[in-house]
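Trainee: Have a look at this one before I ask anything.
Every number in this text was worked out from the coordinates using simple rules, so none of it is lab data. Fair warning: this is a prediction, and the values are worked out from it, not measured in the lab. Please note: Cβ atoms are built from the backbone with ideal geometry, for glycine as well, and neighbour counts cover all protein chains shown.
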Amino acid sequence: MVLVKDLIKRPLISVKPDVLLKEAIETMSRENIGFLVIVEDDKAVGVLSERDVIHALAKGIDPNKTKVSDVMKTTIYTVNINDDVRKAASLMRKYNVRHLVVVDDKGKPVGVLSIRDLLREEVLLKKIESLKPEELQEWWFG
């Protein structure tokens, strides 16, 4: 069984709701990510995706004067860090989302799981399943 925590490759990257949209965009660019968790007092209060940014800019919003809280989504889909990745995949399908906020047992956000993370895991599992025992041993142990 593969757990969500097995797929989390980096610590949570987040911003506070009162930062300017420009700063959030700069964070996304610098970290090469397309999804930010908006955190206040160790709780996720919103999320901001590349799509949210594009929609805001298309409406003429000035990122130098607009706070993240004005454009973030407040519906947050979460998965526990100790859940099986199949549950995460099921949640993504159910809610038609590409990202889940990963929380610990106390509900504190600790990371993000993306559809890309799940796809990488699926590709790896299919490769392992297709190998013969001797190929698996060589592939795994070199």
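Trainee: Only loop residues by DSSP count here, and only those with at most 10 other Cβ atoms within 10 Å; note down the trypsin sites (Lys or Arg not before Pro) in the range 19-119 that meet that.
Mentor: Loop-located and lightly packed - Lys59, Lys65, Lys106.
Trainee: Something else about it: Between Asp42 and Arg93, what FRET efficiency comes out of the Förster formula 1/(1 + (r/R0)^6) with R0 = 35 Å and r the beta carbon distance, rounded to 0.05?
Mentor: Using R0 = 35 Å, I get an efficiency of 0.75.
Trainee: Which net charge results when you count Lys and Arg as +1 and Asp and Glu as -1 among the other residues whose beta-carbon is under 13 Å from that of Lys43?
Mentor: Net charge in that neighbourhood comes out at -1.
Trainee: Starting from 0.36 nm per residue, how many nanometres of slack lie between Lys108 and Glu31 once their C-alpha separation is accounted for?
Mentor: 25.6 nm
Trainee: With 10 angstrom as the radius, rank Met28, Met1, Met72 by how many other C-beta atoms surround their C-beta, starting from the fewest.
Mentor: Met1, Met28, Met72
Trainee: Let me ask something else. Holding the Cα-Cα limit at 31 Å, pick out from Lys59/Lys106; Lys59/Lys87; Lys5/Lys94 the pairs that are longer than that.
Mentor: Lys59/Lys106; Lys59/Lys87
Trainee: Quick check: residue separation of Ile54 and Leu3 times 0.36 nm, minus the Cα distance between them. What number comes out in nm?
Mentor: Between Ile54 and Leu3, full extension yields an extra 15.1 nm.
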